[in-house]
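Asker: Here it is: the structure, laid out below.
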Amino acid sequence: MFAQKIRELRQARNLSEAALDEIFGLMRGTVANWEHGFSVPDEELIDDIAAYFKVSRAELVGA
């Protein structure tokens, strides 16, 4: 669920994966790994991402 939701939110703001990497100070390719389900961010970063996109944590992770 997280992978699909982060992609939807990113695309709704017309951001590239690389742009979102940069916004959160991540290594290039990190967001791509999330969107392909290869990894997920840590708990603190999930909260930061939810705040950035103005969605609840539950909405972001599908809980």
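Asker: Return the calculated 222 nm mean residue ellipticity for the chain, to the nearest 500 deg cm²/dmol, obtained by summing -39500 (n - 2.57) across DSSP H runs with n ≥ 4 and dividing by the residue count.
Answerer: Only helices count here, giving -17000 deg cm²/dmol.
Asker: Accessible area of Glu22, 1.4 Å probe, to the nearest 10 Å²?
Answerer: Rounded to the nearest 10, that gives 150 Å².
Asker: Over the Cα atoms of the chain, compute the convex hull volume and normalise it per residue, giving Å³.
Answerer: Output value, Cα hull per residue: 73 Å³.
Asker: Give the carbon-plus-sulfur fraction of the accessible surface of the chain in %, rounded to a whole number; probe 1.4 Å, heavy atoms of protein chains only.
Answerer: Looking at the chain in its full context, I get 51 percent from C and S.
Asker: In whole percent, what relative contact order does the chain give with Cα contacts below 8 Å and a gap of six or more residues?
Answerer: 39
Asker: Can you give the accessible area per residue of the chain, in Å², using a 1.4 Å probe?
Answerer: Ligands and nucleic acids excluded, the figure is 62 Å² per residue.
Asker: Counting Lys +1, Arg +1, Asp -1, Glu -1, what net charge surrounds Arg28 among other residues with beta carbon under 14 Å of its beta carbon?
Answerer: Summing Lys/Arg as +1 and Asp/Glu as -1 gives -4.
The values are calculated or read from the model by the stated rules, or taken from the named source; none is laboratory data. As the structure is a prediction and not an experimental result, all values here were calculated from the model. Methodologically, a virtual Cβ is constructed for each residue, glycine included, from the backbone with ideal geometry; neighbour enumeration extends over all protein chains shown. Areas reflect the complete protein model, heavy atoms only, side chains present, ligands, DNA and RNA absent. Shrake-Rupley method; radii C 1.70, N 1.55, O 1.52, S 1.80 Å.
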